[in-house]
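Taking it in order: structure first as structure tokens, then the write-up.
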There are 2 protein chains.
Amino acid sequence: MDNPNILVTNDDGIYSPGLKILFDAVKPLGNPIIIAPETPKSSSGLGITLHKPLRLEEVNVNGLRMWSTNGTPSDIIYLAQRIANKIDVAVSGVNIGDNTSIQVILSSGTIGAAAQAALIGVPAIAFSAAVSSAGELEAVADFIAAGARAVVSHVMRRGMPKGIDVLSINFPREFSPNTVAKTAEAARLRYEQYLDERVDPRGGKYYWLYGEQKNPRPGTDVYVVNVERNIAVTPLYLDLNANKCNAHDDLHDLINSITTAIRSLFPP
Amino acid sequence: MDNPNILVTNDDGIYSPGLKILFDAVKPLGNPIIIAPETPKSSSGLGITLHKPLRLEEVNVNGLRMWSTNGTPSDIIYLAQRIANKIDVAVSGVNIGDNTSIQVILSSGTIGAAAQAALIGVPAIAFSAAVSSAGELEAVADFIAAGARAVVSHVMRRGMPKGIDVLSINFPREFSPNTVAKTAEAARLRYEQYLDERVDPRGGKYYWLYGEQKNPRPGTDVYVVNVERNIAVTPLYLDLNANKCNAHDDLHDLINSITTAIRSLFPP
């Protein structure tokens, strides 16, 4: 690829330092184009915007030229075609907070943007870090930039590994000479979700949704990043069909009961 | 189950006739509890709301008692615990518009709600119809109610078929004595996405995101519902790990390049 176009996006919005880290990481590899949401769109999953018009505005954030939009991370994959003829690679993040477990992956805007890119055939890599603030992210920026550059450079030279749609990379909150990268399967659940009920000054009830961590199982992405404090590389394939691996489960009776119910509404 | 609690939700909001169709379908089977978004939340995927408080208000819509919330379909799965001690089955829909293909499934709020329920172990079924308006949905309400009741009744008696997290049922836009239900694998892509660029009265550019249908492959959910006009039953399993079916893809070089990049930042 001759000066390839590298889309840089995220779900934390244009003011997140994660964009600058990814920009620095990929700058030596091609032409980075930053497009990000004007406000944070965490937990937007692969949501796209069909019911309202999308805007795209050129802005300068701390010396970094980028495009700001009212759309979601997934919208950005399609908005990118107005900025560049062709996107060669899409990188998303670096998310403030790790995106581990299927539960979190399915609702993550960071991974959502990468998945949306993968669906239209663009090699896509999502980056997240197990930090809880912009400051904590900046403290490990050099390590993450180096790691991200290694991944993107590899994918640009060799292509995405076979059978993989999205590479999700989760960095730990601190690094040492012993920090290693390893493949880690996404756990199924990360949080038990709870509701915190409160009462507003006018006497109305409202609720905060919050998660409490479950104990992670060794070998999973949650464990590798948060317990071992290593770098988890999780290869994702975008297929939810249940019959992929095993023989068809026997759905015959259920299927037949539907057909019978419909037919019973017509006169014999 | 003794008078089981059946959560009825959707992503089209409290005014969609789809809620009434599902309510009628499951009323003979247990205790339906309707909780739905106060405004349409189409394409919200599995997005959950962490950054703002959630509200829950009892309302009466066309004689139907239900709960209205500012949250997403996925939030509703957790809000439900404030209305009922335990949810035994969750049904979502009937969505105005079919939810076929992985592309659409991953961003669908209807399926998102069902997937969120499945993640916490609740049997979950999503219902959608290949119609384009509330009126078109109401015209086939009896058929859909009969089909939905057959599915829910089956799952309540026999449990979810093994290895399946979510059953996604897509109904056609019209029914005949020859209409049958069949298993259909989710296609990967349904739409090519495009941007329509326009200019507002003040001279500012804005964009509409829209999809153009790709030619569906026989046997897929898109084909069964939209070409054959039959009922597609698509069993989903919530796992995106790429290494599920085949041997690990060789990620060794990529993994090693990350570890090497990190190590190079420490003095020898």
Exercise for review: Select from the stretch B:123-195 those trypsin sites (Lys or Arg not before Pro) which occupy a DSSP coil region and have at most 14 other Cβ atoms within 10 Å, ordered by residue number.
Suggested key: B:K162
Review point. Too long at a 23 Å Cα-Cα cut-off: which of B:K27/B:K52; A:K20/B:K41; A:K52/B:K41; A:K52/B:K205; A:K41/A:K205?
Key: B:K27/B:K52; A:K20/B:K41; A:K41/A:K205
Practice item. Please report which chain A residue places its beta carbon nearest the axis carrying chain A onto chain B, with the distance rounded to a whole angstrom. Key: A:G45, 2
Review point. At a Förster distance of 22 Å, what's the computed FRET efficiency of B:I120 paired with A:E197, Cβ-Cβ distance as r, to 0.05?
Key: 0.70
Point to revise | Crossing angle, helix A:109-119 versus chain A [Cα axis fit, 0-90 degrees, rounded to tens] | key: 80
Check your understanding: Which residues' amide hydrogens lie under 5 Å from the amide hydrogen of B:A181, considering only partners 5 or more residues apart or on another chain, with H built in the peptide plane?
Key -> A:T259, B:I231
Check your understanding: Averaged per residue, what accessible surface does the stretch B:7-51 expose to a 1.4 Å probe, in Å²?
Key -> 32
Review point. Any number yet on Rg/Rh for the stretch A:1-113, C-alpha, Kirkwood?
Key: 0.94
Exercise for review: Report, by chain and number, residues whose modeled amide H sits under 5 Å from the one on A:I34, excluding near sequence neighbours (fewer than 5 apart, same chain).
Suggested key: A:V8, A:W67
Review point. Rounded to the nearest 5, what is the percent of antiparallel bridges among the DSSP beta bridges in the protein assembly as shown?
Key: 45
Check your understanding: When the helices in chain A are scored as -39500 (n - 2.57) per DSSP H run of 4 or longer and the sum is shared across all residues, what 222 nm value do you end up with, to the nearest 500 deg cm²/dmol?
Key -> -8000 deg cm²/dmol
Study note, to complete from the structure: One decimal, nm, nearest first: from B:E136 to the same residue in each other copy, label points 7 Å out along Cα→Cβ, the values are 4.8
Point to revise | Loss of accessible area when B meets A, both sides summed, Å² nearest 100, probe 1.4 Å | key: 8900
Practice item. Once you have a ≥ b ≥ c as the square roots of the Cα gyration tensor eigenvalues for the stretch B:111-268, tell me rounded if a/c is under 1.5, and otherwise prolate or oblate according to whether a/b is larger than b/c. Key: oblate
Practice item. Using label points projected 7 Å from each Cα along Cα→Cβ, tell me how many nm separate A:R173 and A:R263, to one decimal. Key: 6.1
Practice item. With a point put 7 Å past each Cα toward its Cβ, work out how far A:E58 is from B:R82 in nm, to one decimal. Key: 4.6
Revision key, fill the gap. Mean 1/r over distinct Cα pairs of chain B, inverted to a Kirkwood Rh in Å, yields 20.0
Revision key, fill the gap. Rounded to the nearest 5, the percent of antiparallel DSSP beta bridges in chain A equals 45
Exercise for review: Quick one: pull the percent of accessible area on the stretch A:164-203 belonging to carbon and sulfur, 1.4 Å probe, ligands and nucleic acids left out.
Suggested key: 40
Study note, to complete from the structure: Sorted by chain and then number, the residues having a modelled amide H within less than 5 Å of the amide H of A:Y206, at least 5 places away or on another chain, are A:R198, A:V199, A:D200
Point to revise | Hydrodynamic radius of the protein assembly as shown per Kirkwood, over alpha carbon pairs, in Å | key: 23.7
Review point. So which residues in the stretch A:76-104 end up with at least 30 square angstrom less accessible surface once the other protein chains are there, compared with the chain by itself, probe 1.4 angstrom?
Key: A:Y78, A:Q81, A:R82, A:I102, A:Q103
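The values are calculated or read from the model by the stated rules, or taken from the named source; none is laboratory data. Please read these numbers as outputs of a predicted model, since none were measured by experiment. Reconstructed Cβ throughout: ideal geometry from the backbone, glycine too, with neighbour counts over all protein chains shown. Heads up: the accessible areas ignore ligands, DNA and RNA and are worked out on the full protein's heavy atoms, side chains in. Shrake-Rupley method; radii C 1.70, N 1.55, O 1.52, S 1.80 Å.
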